[in-house]
Amino acid sequence: MPGEISPWLLLLSLFGTSHSCLQDPSSAYKYTGIVCRLTYPAAVVLNEKTTKVIEAAFQHARYPSMQGEKSAGFFGKVSYGLENLEIYNLSIGRSDFELRPGEGIGLEINNVSAVFSGTIQYGYGSWLVNVGHRLDFEVETQIDLGINPKLYCGNSKVAADTSDCYLNFHKFRLYLEGDKEPNWLKKLFTDFITFTVKLVVKGQICKEINKLADILAEFIQDTAANFLSDGGISVDIGVTTTPLITANYIESYHKGLTTYLNLTSVINASVFHPDHLTENRMLYFWFSDDIFKPLIAAAHQDGRFQLNISSEDLKTLFETNLSSIKPEYVAKCLLESASPELRVWSSSVPTLNTSTVGTSVWAQATGELYCGSQNKPTLSFQMNITVDVSASYADKKLFLHGKPQQISVIRAELPQQNKLINDEAQVEFIREAVEKIGVPKVLSVLEVEITRLMDKQGANLFDIIDPEVLHQEVRYVFYSSVFLSVSMFNICTVTLPLLSCRDIL
């Protein structure tokens, strides 16, 4: 269908910007925070849609007017001009590809047939004859198209060099005024102009393919960077080295550096190694802890880890069965206060450490319970909390599963009475309430907010089938058994006016 984006051009544009690229991938691993591996089965899915982009390239190509002349013996010189070249009756046969280790991707699009139409002016003359004509024409073609993109580091990004582009014409016939059996003079004209037209068509088609690659590179890189950024927090997904191409997968290596308040994180001891990923699934994303630690620190400094629970929501939460006895001041607050409110926030930067059993998150949290008075809380407490968290993704929603490991009360007091809480029963109630009410509530809110943020950046436009999140030592692996089926972002119709952008795949 005309106007659709090539999945291969999309793929070639996914490999982000970079201030510098190391030539040796193994030396770049320690600077790598994010890795993307697309395996051969996913490439097969991409290739199934390649023919649609070739249609777009032919349809969107603009063919310039041409002028020239040719010596024709007795008739002197034959001059010609070709203009208003358009294409119709376009059909594409099949597309084949191969991953070429250490080189690039080989694409062959076979059995492209099309009819070009336009207007041609020509004339020939000598001391005996001087004749001029203006005629409509048609060109019947059958073409095989080959593209051999190569990925390289240059101009602060990884780019796709599509200059190795060629067209083989198995049929190229030019007819004047629909005459399928031209006389000998028209045949003479057809023979020598055909070569010129071939050059123009080849040049414009290959130029259009390169243009699409450039547009998509800009669009996809901006979209990917925006996906990991929000407000004053941004992530540099620039590549650390040239993507690796093997016979079984394409793998790209990204920095993943967080910037907040003009400060940028550093990754120089990443533990990535290609052995961390397999080839059993179609698409893999590998994340280092070094990505999430500065992101969490920035979110803390930006005041994002705050939660207020009030009125009926708060009363409902405290209906949870606890083994500890509810202190009188808490029961009175929930029953008699018209608008009780619990305010909770992170009072220091949370830290995390990933292992095979999950991600251990340590946080220091402060909570205040207000019972009608907004000046002083009835209860104030500060906790140290350690929770093992694992993640899953289904139905376009993120799910967090928490298992509290250690929860301790650092300080608890009744500010209105200017009194510290030392009673073990009351301290235990606070500890148990945080474990059985607070931690699940915070995780549920984080699930909703992170999903909302992902949807804001367009994640809900992807159909991710059978994904799984694996926790390894100081790293995460996210993969999907079936490649992403995508409906393109609405912004595409604005950013890429020549493309309909209805489907990537």
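The values are calculated or read from the model by the stated rules, or taken from the named source; none is laboratory data. What you see is a predicted model; the values in this text were computed from it and never measured. Cβ sites come from the backbone with ideal geometry, for glycine too, and all protein chains shown count toward neighbours. All accessible areas refer to the heavy atoms of the entire protein, side chains included, with ligands and DNA or RNA removed. Shrake-Rupley method; radii C 1.70, N 1.55, O 1.52, S 1.80 Å.
What to note about this one:
- Counting protein heavy atoms only, the range 254-312 has 51 percent of its accessible area on carbon and sulfur, 1.4 angstrom probe.
- The HN-Hα couplings worked out from phi for the range 301-308 by the Karplus form 6.51 cos²θ - 1.76 cosθ + 1.60 (θ = phi - 60°) are 5, 7, x, 8, 9, 9, 9, 10 Hz, whole numbers, x standing for Gly and Pro.
- The residues of the range 305-461 have, on average, 54 Å² of accessible surface per residue, using a 1.4 Å probe with all protein chains present.
- Computed magnitude of the charge dipole of the range 305-461 (debye, nearest 20; Cβ of K, R +1, Cβ of D, E -1): 280 debye
- Accessible surface, per residue, of the range 207-271 when the full set of protein chains is kept, probe 1.4 Å, Å²: 41 Å²
- Distance (nanometres) between label positions extended 7 Å along Cα→Cβ at Ser355 and Arg62: 6.3 nm
- Heavy-atom surface analysis with a 1.4 Å probe gives the range 385-441 a carbon and sulfur content of 47 percent of its accessible area.
- Over 18 Å (Cα to Cα) - which of Lys150/Lys211; Lys326/Lys403; Lys255/Lys293; Lys49/Lys150; Lys293/Lys403 fall in this group: Lys326/Lys403; Lys49/Lys150; Lys293/Lys403
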